[in-house]
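Undergrad: Got a structure for you, written out below as structure tokens; questions coming shortly.
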Amino acid sequence: MNRHLLSAGDLTRADAELVLETAGEMLSLADRPIKKLPALRGRTVVNLFFEDSTRTRISFEAAAKRLSADVINFSAKGSSLSKGESLKDTSLTLEAMGADAVVVRHWASGAPHLLANAGWSRSSVVNAGDGTHEHPTQALLDAFTMWRHLGVPGSHGLDGRKVAIVGDVLHSRVARSNALLLKTLGAEVTLVGPPTLLPVGVQSWDVATSYDLDSVLPGTDVVMMLRVQQERMNASFFPTVREYSRRYGLDGRRMATLQDHAIVMHPGPMIRGMEITADVADSQRSVIVEQVTNGVAVRMAVLYLLLGGSEPALATGLTTTGLTTTGLTTTGPTGGDA
Amino acid sequence: MSTYVVKGAAPLGAAPTDLVLEDGVLAEVGTGLSRAGAEVVDADGLVALPGLVDLHTHLREPGREDAETVETGTRAAAVGGFTAVHAMANTHPVADTAGVVEQVWRLGREAGHCDVFPVGAVTVGLEGQRLAELGAMADSAARVRVFSDDGRCVSDPVLMRRALEYVKAFDGVVAQHAQEPRLTEDAQMNEGELSGRLGLRGWPAVAEEAIIARDCLLAAHVGSRLHVCHVSTAGSVELVRWAKAKGWDVTAEVCPHHLLLTDELAATYDPIYKVNPPLRSAGDVEALREGLADGTIDVVATDHAPHPHEDKDCEWQAAAFGMLGLETALAIVQQTMVDTGLLDWAGVADRMSHTPSRIGRVSSHGRPLAVGEPAHLTLYDAAAPHTVDPTALASLSRNTPYAGRQLPGRVVATFLRGAPTVLDGKLTG
């Protein structure tokens with residue numbers, strides 16, 4: 001793996017499978033009374049959030065703490081209009097404090113890229129969501145969740161699995177990262193939404209697109225609903241909330257057209273009644289709460305692999321010297337019915 | 001005033017000859033010339049061009065003297081081979097009154113590195129609400145003929161129509177920054193496959209082209225002159241070609257960076273490549289070069305846009321639009337147009353001196369290299385490959401997108417009214 005995780009597109013298949021495999025090992029920790037490993041003892045992880053996201057921040061915080069890292073939360077709110085302290089000065093400050101990894105959430109697309117490449121800091125940079133660009137750990141936790149339900153034992157890929165990503169693809173960093181990662185893992189992705197919310201040039205993403213949710217649902221193994229941001233509702237991307245829900249919302253009637261093994265996902269936070277109805281969100285097919293649990297395990301795996309040492313030592317180091325001595329076992333796919 | 005004998009220069013790339021610059025004019029052209037007591041400039045192997053004229057320069061003074069001043073900006077112009085620049089109106093305060101344009105004009109005279117022709121704002125404060133006192137600026141000592149809200153588009157069609165009509169009274173021209181504002185809210189880069197992938201808000205070609213089409217029709221309707229700033233798309237070239245075919249009085253400019261750089265550079269998220277209009281696709285670059293070669297695009301203009309370091313050393317979205325251009329323009333034109341066979345040196349003189357002067361109604365510049373004409377002269381070495389070093393620029397700012405790039409040639413000397421502003425590639429004053 002690279003020293004940074006900036007884009008899901010930077011991960012090779014081997015990298016991605018290593019993260020999923022490691023996340024499986026990390027997940028088994030969750031069932032133990034002491035949910036903590038000494039792996040990153042003495043290392044410092046900074047959560048640098050230029051944009052509010054409580055759930056992502058606490059997920060990274062829990063992940064780092066379970067690896068025994070010291071965690072510093074740094075909230076540097078500001079927008080392009082009211083800049084506040086610059087990214088550069090913040091970065092120099094963190095460098096001076098000796099951060100080993102910086103987990104960054106930023107309103108500007110490319111900010112983690114800048115942090116990693118501008119020469120301000122030597123830390124590993126983990127992109128925790130940048131503007132409307134990417135959110136690679138979300139894609140990894142989504143892939144991990146899919147693999148746990150739909151994966152083939154003995155492989156960490158998702159070959160041939162069909163994934164529909166539905167909603168505001170245009171503004172979604174989750175959709176971008178998922179499209180890249182799922183393709184790497186062998187899944188077939190269909191982006192579904194009104195034409196106004198599919199990006200220009202999406203034809204070149206090597207994914208299928210559709211404007212018609214009903215025609216996609218019966219063939220899919222996974223349906224991932226995206227949040228529709230409040231500010232889109234008054235910008236003529238679609239006429240009304242009701243019309244959006246009628247055409248692109250997932251309700252009980254639509255859910256009934258899914259195959260028996262198909263799962264329903266959502267990166268959260270949900271707007272119940274908008275893109276997803278309460279009965280679907282709370283149904284047996286919904287793995288939305290599980291996504292949150294898996295998020296911690298996947299972020300543990302990412303931090304461990306980025307900070308754990310040099311590339312070839314990672315996989316072996318984890319299974320032979322690190323985790324096996326603490327008695328961890330690998331958690332594999334559980335089949336299609338969990 | 002010293003007399004200069006320029007030995008062995010190739011006027012517009014033709015056979016080498018000698019040029020005598022005396023009393024501010026080109027006094028004699030021929031071989032084996034000499035003058036007693038004259039300074040001799042060895043121009044063997046150099047191309048002689050009429051002093052370059054830029055229709056689109058941001059000198060930033062008054063208001064942003066931390067980015068550039070009239071003094072530093074005109075020094076950069078001289079280093080780039082320019083003897084005249086048109087200073088854009090988006091200063092603080094805006095150049096929307098006779099007082100401000102006269103101030104800029106006077107600062108240019110005092111600096112003395114090149115002539116400064118202020119551009120007047122079309123609307124008060126560039127606000128797009130009501131016309132600025134265009135007549136007062138035209139009648140001022142600065143004799144303004146080019147009016148532009150550059151940086152902003154005169155998007156209100158009624159206001160644009162009135163401006164086009166009104167400037168006819170003093171043979172003015174409206175230079176439009178063609179950008180439909182609603183289609184480009186918070187736009188960050190060329191809208192295309194790449195903007196979608198990078199998650200940067202797109203600046204679609206149609207936002208430029210729709211305004212150009214409208215303005216061509218308006219200019220034709222009221223029988224006025226329209227100049228289109230920094231065209232950046234293949235579609236814009238087509239529209240200007242169409243307007244010219246109709247016989248309408250429409251001219252257009254292209255910036256050096258749009259002749260060379262493409263939107264792929266945005267993938268670095270390095271805001272040094274953030275400019276408005278944005279870098280476009282390779283196909284657009286190709287169309288712009290062809291348009292400049294066949295005369296559809298009349299001139300090269302730099303859109304020299306200095307910014308202090310901190311405005312470029314930040315997130316792409318937070319960074320300022322614009323890049324330096326004066327000191328590298330001629331070399332970029334050589335690389336993209338001359339070395340590719342699209343334009344000869346006579347063509348370069350036309351696109352960078354004669355025609356910009358004609359559009360700006362500047363009678364004292366852009367003249368042929370002939371006896372009796374004002375001695376504005378640029379000597380250029382087209383075989384002087386060198387690497388661009390931002391710290392060596394004469395501009396106060398450092399935001400050049402060409403840092404570390406190799407350029408094929410450099411300006412050796414610039415003469416303004418027979419006096420050198422640059423000799424041996426160095427400023428004289």
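The values are calculated or read from the model by the stated rules, or taken from the named source; none is laboratory data. This structure is a prediction, so every number in the text was calculated from the model and none was measured. Ideal geometry is used to build each Cβ from the backbone, glycine not excepted, and the neighbour counts take in all protein chains shown.
Undergrad: Being within 21 Å of residue B:55 (Cβ to Cβ), touching a strand residue (DSSP E or B) at 6+ places or on another chain (Cβ under 6 Å) and part of a loop (DSSP other than H, G, I, E, B), is that true of even one residue in segment B:345-356?
TA: Scanning segment B:345-356 turns up no residue that is within 21 Å of residue B:55 (Cβ to Cβ), touching a strand residue (DSSP E or B) at 6+ places or on another chain (Cβ under 6 Å) and part of a loop (DSSP other than H, G, I, E, B).
Undergrad: I'd like to verify a number: residues in segment A:193-205 that are surrounded by 14 or more Cβ atoms within 10 Å (Cβ to Cβ) and either part of a helix (DSSP H, G or I) or within 19 Å of the chain's Cα centre (by Cα) (or both), how many?
TA: The total comes to 3.
Undergrad: If you don't mind, another one. May I ask you to say which residue of B:144, B:124, B:174, B:154 is surrounded by fewer than 18 Cβ atoms within 10 Å (Cβ to Cβ) and without any contact (Cβ under 8 Å) to a residue 60 or more places away in the chain?
TA: Numbers: B:144 fails: surrounded by fewer than 18 Cβ atoms within 10 Å (Cβ to Cβ); B:174 fails: surrounded by fewer than 18 Cβ atoms within 10 Å (Cβ to Cβ); B:154 fails: surrounded by fewer than 18 Cβ atoms within 10 Å (Cβ to Cβ).
Result of the check over B:144, B:124, B:174, B:154: B:124.
Undergrad: Under the condition of being among the charged types (D, E, K, R) and in a helix (DSSP H, G or I), which residue from segment A:134-151 is nearest to residue A:224 (Cα to Cα)?
TA: Among those that are among the charged types (D, E, K, R) and in a helix (DSSP H, G or I), it is A:142.
Undergrad: In addition: Test residue A:189 against the criterion of being part of a strand (DSSP E or B), away from every other protein chain (no Cβ under 13 Å), in contact (Cβ under 8 Å) with a residue 12 or more places away in the chain and under 13 Å from residue A:165 (Cβ atoms), and give yes or no.
TA: yes
Undergrad: From the set of residues in segment B:170-204 that are more than 14 Å from every other protein chain (Cβ to nearest Cβ) and not in a strand (DSSP E or B), which is nearest to residue B:126 (Cα to Cα)?
TA: Here the answer is B:177.
Undergrad: Evaluate segment A:206-226: report whether one residue or more is modelled with pLDDT under 95, within 14 Å of chain B (Cβ to nearest Cβ), surrounded by fewer than 24 Cβ atoms within 10 Å (Cβ to Cβ) and over 25 Å from residue A:292 (Cβ atoms).
TA: For segment A:206-226, residues modelled with pLDDT under 95, within 14 Å of chain B (Cβ to nearest Cβ), surrounded by fewer than 24 Cβ atoms within 10 Å (Cβ to Cβ) and over 25 Å from residue A:292 (Cβ atoms): present.
Undergrad: Also, quick follow-up: Report yes if residue B:154 is of a type in the set (A, V, I, L, M, F, W, C) and touching a Leu at 6+ places or on another chain (Cβ under 6 Å), otherwise no. Break it down stepwise before answering.
TA: Values: of a type in the set (A, V, I, L, M, F, W, C): yes; touching a Leu at 6+ places or on another chain (Cβ under 6 Å): no.
Criteria not met by residue B:154.
Undergrad: If you scan segment A:132-146, which residues turn out to be in contact with an Asp or Glu (Cβ under 9 Å, 6 or more places away or on another chain) and either assigned by TED's automatic domain parsing to the domain that holds residue A:25 or not polar (S, T, N, Q) (or both)?
TA: Matches in segment A:132-146: A:136, A:146.
Undergrad: When the residues of segment A:79-123 are narrowed to those that are at positive phi and within 14 Å of chain B (Cβ to nearest Cβ), which ends up modelled with the lowest pLDDT?
TA: Top of the filtered list is A:84.
Undergrad: Ok, one more. Go through (1) assigned to a loop (DSSP other than H, G, I, E, B); (2) over 15 Å from the mean Cα position of the chain (by Cα); (3) touching a residue at least 24 places away in the same chain (Cβ under 8 Å) for residue A:113 and report which single condition fails.
TA: (1)
Undergrad: Right, another one. Test residue B:12 against the criterion of being among the hydrophobic types (A, V, I, L, M, F, W, C) and at negative phi, and give yes or no.
TA: The answer is no for residue B:12.
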